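Below is one structure, written out as structure tokens; the observations come after it.
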Amino acid sequence: MPPGGIGPPDRLDWPSWRRRGGPGLPLNGNGPGASRPQPGGTRGLMKPFSFLMAALLSLAAAADAPAREPDPKFYIFLCFGQSNMEGFPGIEPQDKSPVERFEVLSAVDAPKLGRKRGSWYPAVPPLCRASTGLCPADYFGRTLVAGLPKDVRVGVVNVSVAGCKIELFDKGGFKAYASTAPPWMANIIKEYGGDPYARLVEMGKLAQKDGVIKGILLHQGESNTNDKQWPAKVKTIYENLIKDLDLKAESVPLLAGELVNADQHGACASMNSIIAGLPRVIPGARVVSSAGCQARRDHLHFTPAGYRELGKRYAEAMLPLLGGPAPAPSRPEAPASASGAAPR
């Protein structure tokens with residue numbers, strides 16, 4: 001034993017000596033060498049130590065647990081565009097019931113709908129944001145689940161901005177365009193964190209943890225009417241999505257819908273001839289006809305009946321690509337009174 005009689009005996013291990021209160025190591029707050037038990041002494045130290053060990057063991061167990069694999073029978077579809085893909089406000093009673101196996105991944109926080117960004121919910125309209133309405137994605141999904149095997153689920157992600165040009169989804173140049181957006185559009189862009197394309201990719205990556213992306217749906221062009229470079233601009237966005245989400249173009253087709261048709265006196269119907277050229281620049285792309293789909297009096301937006309029909313046609317184009325039978329072409333609903341609305 002060292003001089004002073006307070007060092008550890010030769011055969012006393014160091015932790016035992018510490019428990020006895022060696023010099024400079026007071027466990028009870030009474031100075032060097034103190035060994036009289038005090039409230040909250042060694043026993044008090046063991047509690048946080050136990051909690052720490054339990055936490056570390058839990059983390060280790062979580063690290064060792066196998067990662068959850070995406071469900072190969074959960075088919076995900078990314079949707080983007082402007083107001084017609086958002087869904088013009090107007091949801092009828094027949095559209096409000098949820099459909100089994102059809103879900104939506106909320107791209108924004110929507111307290112009024114009881115939805116949080118990044119969570120899955122039954123796909124009841126509106127699928128985009130709380131202020132939007134029925135859109136083509138609604139009856140696209142409903143028609144798909146009706147035509148696919150019963151063990152297949154369908155999920156959609158919708159990031160759309162009313163009135164926007166296709167340039168808003170160009171990740172390399174969207175800032176210049178967004179800086180010129182009117183206040184009402186800027187507020188929508190803000191809901192997507194200031195970058196709708198980045199939000200679409202973020203939600204796409206999140207969705208890939210649960211399922212498999214099987215296609216991309218686009219409805220846009222009113223704000224790019226007569227822009228002959230539109231197909232090339234869409235190609236850039238499509239290729240960016242394929243790269244950023246680590247997809248294979250041959251297994252993730254792009255479906256683009258026509259604008260309100262000339263048979264409905266569509267204000268931007270001339271753009272449909274440009275949209276028709278999309279498959280020439282994007283192999284495997286499909287164009288969905290809007291002929292006969294009812295339009296509102298503004299000649300820019302579809303009625304609920306028009307959205308139902310257009311959505312069914314998107315599904316009819318997609319089903320054969322998923323290995324399912326091509327359904328019989330749907331027949332447009334009988335014309336109904338179409339309410340007028342301001343352009344968006």
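The values are calculated or read from the model by the stated rules, or taken from the named source; none is laboratory data. As the structure is a prediction and not an experimental result, all values here were calculated from the model. Don't worry about glycine lacking a Cβ; one is built from the backbone with ideal geometry, like all the others, and counts go over all protein chains shown.
General observations
- Boolean, S106 is touching a residue at least 12 places away in the same chain (Cβ under 8 Å) and out of contact with any strand residue (DSSP E or B) (no Cβ under 6 Å at 6 or more places or on another chain): no
- Any hit, region 274-297, residues being surrounded by 21 or more Cβ atoms within 10 Å (Cβ to Cβ) and out of contact with any strand residue (DSSP E or B) (no Cβ under 8 Å at 6 or more places or on another chain): no
- Filter result for G311 (buried (at least 22 other Cβ atoms within 10 Å of the Cβ) and either within 28 Å of the chain's Cα centre (by Cα) or closer than 20 Å to D227 by Cβ (or both)): yes
- Residue in region 259-269 that is in contact with a Leu (Cβ under 9 Å, 6 or more places away or on another chain) and part of a helix (DSSP H, G or I) present: yes
- Answer from L255, L241 - the residue that is aliphatic (A, V, I, L, M) and in a helix (DSSP H, G or I): L241
- Filtered residues of region 270-289 (kept if of a type outside the set (A, V, I, L, M) and not in a helix (DSSP H, G or I)): G277, P283, G284, R286, S289
- Set G292, G306: member being in the same structural domain as K96 (by TED's automatic domain parsing) and outside any loop (DSSP other than H, G, I, E, B): G306
- Region 75-103: number of residues that are outside any loop (DSSP other than H, G, I, E, B) and in contact (Cβ under 8 Å) with a residue 24 or more places away in the chain: 14
- Residue match in region 247-257 (condition: touching a residue at least 12 places away in the same chain (Cβ under 8 Å), crowded, with 20+ Cβ neighbours inside 10 Å, touching a Ser or Thr at 6+ places or on another chain (Cβ under 7 Å) and closer than 22 Å to N158 by Cα): yes
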